[in-house]
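The values are calculated or read from the model by the stated rules, or taken from the named source; none is laboratory data. Treat the numbers as computed from the prediction; the structure is a model and nothing was measured. Cβ placement follows ideal geometry from the backbone for every residue including glycine, while neighbour counts extend to all protein chains displayed. Side chains are part of the model used for accessible areas, which takes the heavy atoms of the whole protein and leaves out ligands, DNA and RNA. Shrake-Rupley method; radii C 1.70, N 1.55, O 1.52, S 1.80 Å.
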Amino acid sequence: MAAGGGVERLVEKSSSPAARLHALWTLDGLDALTPQLLMAAIDDKHPGVREHAVRLCEAFLQTTPELVAALGKLTDDDAYRVRLQVTYSLGEARPADALPALIKLAASNRADRDLRTALLTSTGESSDEPIAAPPKDDKLLRPTPPSGSLAEILTPVVSHHTPDPGTRSS
């Protein structure tokens, strides 16, 4: 695909972050995006490009553990939105591959409500694994003040399914 080659050059060499970002999404639309190109894009100097590159990695995370490892390195990214997208995107990886990065994110960003929500959605079926194998870093084991995040998430669910006390079920 000749058009893909020119667009790939934009991702790799353009001085414009907007052009690099649009090129990534264009390649995705052309089904010409590769894990190798994404490895370079998640290391882009612009946080917006990194954020979108992380999102585009999702299609490859089940089959490319190197991408999961590279996303794990972004858990300390200076850009909050990159860290948040990493947290959501790791939910698409195999739990065994993603869990170390998710544990690291939980330990370093636990006070942030949006990141906690992202962690809950990304752990899915593996949500009990950190308990079965406690992390080497004891930050997660230290007591912290209750945040109410679980209550915040469950309140709408519980209130929707809780019958009105004035009514009786037959």
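Determine, yes or no, whether residue 31 is buried (at least 18 other Cβ atoms within 10 Å of the Cβ) and either touching a residue at least 24 places away in the same chain (Cβ under 8 Å) or of a type in the set (D, E, K, R) (or both). Give the derivation first.
Numbers: buried (at least 18 other Cβ atoms within 10 Å of the Cβ): no; either touching a residue at least 24 places away in the same chain (Cβ under 8 Å) or of a type in the set (D, E, K, R) (or both): yes.
In short, no.
Among residues of the range 48-103 being in contact with a Leu (Cβ under 8 Å, 6 or more places away or on another chain) and not in a helix (DSSP H, G or I), the one that is most open to solvent (accessible area, probe 1.4 Å) is 94.
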